[in-house]
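Asks: After the structure tokens below, expect a handful of questions from me.
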Amino acid sequence: MKLDNKKILACCANGAGSSLMMENAIKKVFNRYGIKVAELRHCSVSEGKSAAKNYDIVFCARTFAKNFDDLVKIGKTVIPLKNVMSDKEIEAALQEADLLN
């Protein structure tokens, strides 16, 4: 599995409510596919900007995607979401990025 042993970060504005729900939605997708990641955590965008370089994939709301443009330049994957609580959107975004197999 392409996502096995990867480090995943979920970022929202304050790092409390929506990023925790995003993390839970990501877990739901990973469980559905039997994916075993090395780490999955949530945090605020401000914390995520400095921590993200240590992660393989960053999920965030579309409004915050520009904060992670530098990650894309170094080969990291940033997945912006319209509805951060939608496991269906997360699954579709991972399929589009060719990360689910």
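Laboratory data are not the source of any read-out in this text; all were calculated from the coordinates shown. This structure is a prediction, so every number in the text was calculated from the model and none was measured. Cβ atoms come from the backbone with ideal geometry, glycine included; neighbour counts cover every protein chain shown.
Asks: Order by neighbour count: CYS43, CYS60, fewest other Cβ atoms within 10 Å first, most last.
Replies: Starting with the residue having the fewest Cβ neighbours, the order is CYS43, CYS60.
Asks: Which residue fluctuates the most in the chain, going by a Gaussian network model with Cα springs under 10 Å, if the choices are ILE35, ILE74, ILE90?
Replies: Sorting by GNM fluctuation, first place goes to ILE74.
Asks: Would you order SER44, SER18 from fewest to most other beta-carbon atoms within 10 Å of each residue's own beta-carbon? Could the numbers behind the result be given before it?
Replies: Working: SER44 16, SER18 20.
Ascending number of Cβ neighbours within 10 Å: SER44, SER18.
Asks: Quote to one decimal, in nm, the extra length available between TYR33 and GLU96 on full extension: 0.36 nm per residue of separation minus the C-alpha distance between them.
Replies: Full-extension gain reported as 21.1 nm.
Asks: Out of GLU91, GLU39, GLU23, any idea which swings most in a Gaussian network model of the chain, alpha carbons joined below 10 Å?
Replies: Between GLU91, GLU39, GLU23, it is GLU39 that shows the largest mean-square fluctuation.
Asks: Which of ASP69, ASP87, ASP56 ends up with the largest GNM mean-square fluctuation for the chain, with Cα atoms connected below 10 Å?
Replies: Of ASP69, ASP87, ASP56, the most mobile in the Gaussian network model is ASP69.
Asks: Is it possible to state the helix-based mean residue ellipticity at 222 nm for the chain, with each DSSP H run of 4+ residues giving -39500 (n - 2.57), the sum divided by total residues, to the nearest 500 deg cm²/dmol? What is it?
Replies: Here the helix-only value at 222 nm equals -11000 deg cm²/dmol.
Asks: Compute the length gained on full extension between ASN54 and SER86: take 0.36 nm times their separation in residues and subtract their Cα-Cα distance, giving the result in nm to one decimal.
Replies: Between ASN54 and SER86, full extension yields 9.0 nm more.
Asks: If R₀ is 30 angstrom, what is the calculated FRET efficiency for the pair ASN24 and ILE74, using the beta carbon separation as r and rounding to 0.05?
Replies: In this case the efficiency is close to 0.60.
Asks: For LYS88, give me every one of the lysines with a C-alpha distance below 25 angstrom, ignoring sequence neighbours fewer than eight places off in its own chain.
Replies: Result set, ordered by chain and number: LYS2, LYS6, LYS7, LYS27, LYS28, LYS36, LYS66, LYS76.
Asks: Right, another one. Could you work out the relative contact order of the chain, using alpha carbon pairs under 8 angstrom and six or more residues apart, expressed as a whole percent?
Replies: This gives 34 percent for the chain.
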